Structures are given as structure tokens and as C-alpha cells.
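See structure below.
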Amino acid sequence: MNQLDWQLLEDHHPAESVRVNGVELKRGDMVRLRPGAGGDIFDLALAGKDAIIDSIEQDYEGNCHLAVILEDDPGRDLGALRQPGHRFFFRPEEVEPAKAAPRILIAGIGNIFLGDDAFGIDVLRRLPSLAANITVKDFGIRGYDLAYALLDGYDAVILVDAAPRGEAPGTLYVMEPSLKDSEPGDQAEPALDAHAMTPAGVLRLAKSLGGQLPARILLVGCEPASLGGEEGYMGLSDPVSAAVDPAVALIEQLIAEDLRRKEGAWNGSVANQ
């Protein structure tokens, strides 16, 4: 295809899905590349590679093409930005469905003007580049945005937030947030957070919007030293700042493991000190 052809392809409204070998494929699904004989030399060099479908496009003649990003491409973030050399086009007959990697959302929650409440945001800034099936996003205090994201078809979600539970500042927890906070006077399950956008509150909001919540939702929380009080201030306390790198390692561990294990496998706490 020449440059004009590709531009017309990019400008066309993407399709929702395409059927290949009896399997419905959509954005985010994994495929194995099987370019046809006599194709472009660059396409042939990618034969057998696994790729993530970034979009399903139709050209001006109505032909369907899959825009894909290589699963092992260290520059896959550039592919998501539609940069040449990191995003490739194949016809449906040139791919085969592969075992799809679970779609995972890592969501940072917090307010940078409330001291240790910025923990989740700082952790996301330290995360290394992750696989194309993993979305990392700072939601700040945008509860509605996060609630809608929870309904976007993710297999698992990891929330990262300050989580007051009465332990030593800097203590890390892995929890499964409930749809309801603890009742007044109930010490068995303390409230997950003291600020306005609690994980439980977001879950309740998402459920009220309809749709299907992810099968697995985890909270990586950190015990704060201070949430800024009424005056507010920027910057993490020393013990919470020291917990950022261990939290990054903990999130990587959770990703590597089976996040869809049976209920109750991650209901404890992990201390970083």
C-alpha cells in the first residue's frame, strides 16, 4: 500500500470485531501472525510472532485489516501512538487466534495535594514498561472515570492507593475491596480509605452504572503517615516514600501470578519493613 492508501485506512471508522477461523476477534485480543507467501519482506519477517490487536480497520474499498502491535516489542507504547515501525497491518486471513493474555488495568488513585494520598500516583510513575495487555493509568480523584474503566472488559484490576488500617506507616497491603465499607463501630473490616474517592465507593458507583465488573479486583494499599489534613501539602512522608519501590515489586509479582485464582487467596497483608 502507498502512503495515501494507509492514510485512507487510518481515517476510516474502525470495526468492532472480525471473525477468524470461527473465533470472534476484537481490540486487545492476541493473534499469531501468518503472512501469506509473496507478501512484503517486513511482514514475512514477523511470521510466527504474537501480536495484540490495536484496532480493526476497513479501507476505502471495504477490505478489513488488523492493526497490531508486537507483544514483545519494547517500543509497543509507540505502536499505541500509531508510530510507524511499531504498528503493523495484516489481513484477517494472515493471522490466527492465539491464547489471549488477560487484560489488566493498574489504576492509581489519590490526590497529590494531600501528602501520602499521592502514594498510588507515585507508584505508577515508578512502574517499568509492561506488556501491551496491561494498561497503567493515573485516575487521581476522578471517580467516574475509574468507575467506567472498571466496566471496560478487563479481566483483572489492581487499584493502588493509600489505605489507612491502623498499622505502621509504610505497611503494604494486598486486599480485595468490598462493595461496602465497614459499619460504624465495626472493627473487623476497617474502612479502606479516609479520603473521598474510596475503592469501595468506586465499586459501588461502577455497579450502579450497570455492566460487568472484572472477575478479579485487588487493592495494593499503603498505610499513610498523614493525608495532609485540612491545610494539605505535597510530597510523601519518609516511610511511605520508602514503600514505593516495594509496592512496584509487589504489583509485578501480582501480574506474574494468576490473578484469577479462587476467592480468598489474597486476603492478607504484606509489610515492607
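Key figures
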quantity: Breaking point among (1) at pLDDT 90 or above; (2) under 18 Å from VAL18 (Cβ atoms), for VAL123; calculated: (2)
quantity: Of all residues in segment 20-38 being hydrophobic (A, V, I, L, M, F, W, C) and assigned to a strand (DSSP E or B), the one that is surrounded by the most Cβ atoms within 10 Å (Cβ to Cβ); calculated: VAL31
quantity: Residues satisfying the stated conditions in segment 214-226, i.e. surrounded by 15 or more Cβ atoms within 10 Å (Cβ to Cβ) and not in a strand (DSSP E or B); calculated: PRO214, GLU223, PRO224, ALA225, SER226
quantity: Segment 111-156: number of residues that are within 27 Å of SER241 (Cα to Cα) and among the small types (Gly, Ala, Ser); calculated: 8
quantity: Yes/no for LEU192 being surrounded by fewer than 18 Cβ atoms within 10 Å (Cβ to Cβ) and at pLDDT below 85; calculated: no
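Rundown of residues vs (1) more than 30 Å from GLU252 (Cα to Cα); (2) modelled with pLDDT of 80 or more, yes/no style:
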| site | (1), (2) |
| --- | --- |
| GLU61 | yes, no |
| CYS64 | yes, yes |
| ASP72 | no, no |
| GLY79 | no, no |
| GLU94 | yes, yes |
| ALA98 | no, no |
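The values are calculated or read from the model by the stated rules, or taken from the named source; none is laboratory data. Predicted model only: the values in this text are computed from it and were never measured. Methodologically, a virtual Cβ is constructed for each residue, glycine included, from the backbone with ideal geometry; neighbour enumeration extends over all protein chains shown.
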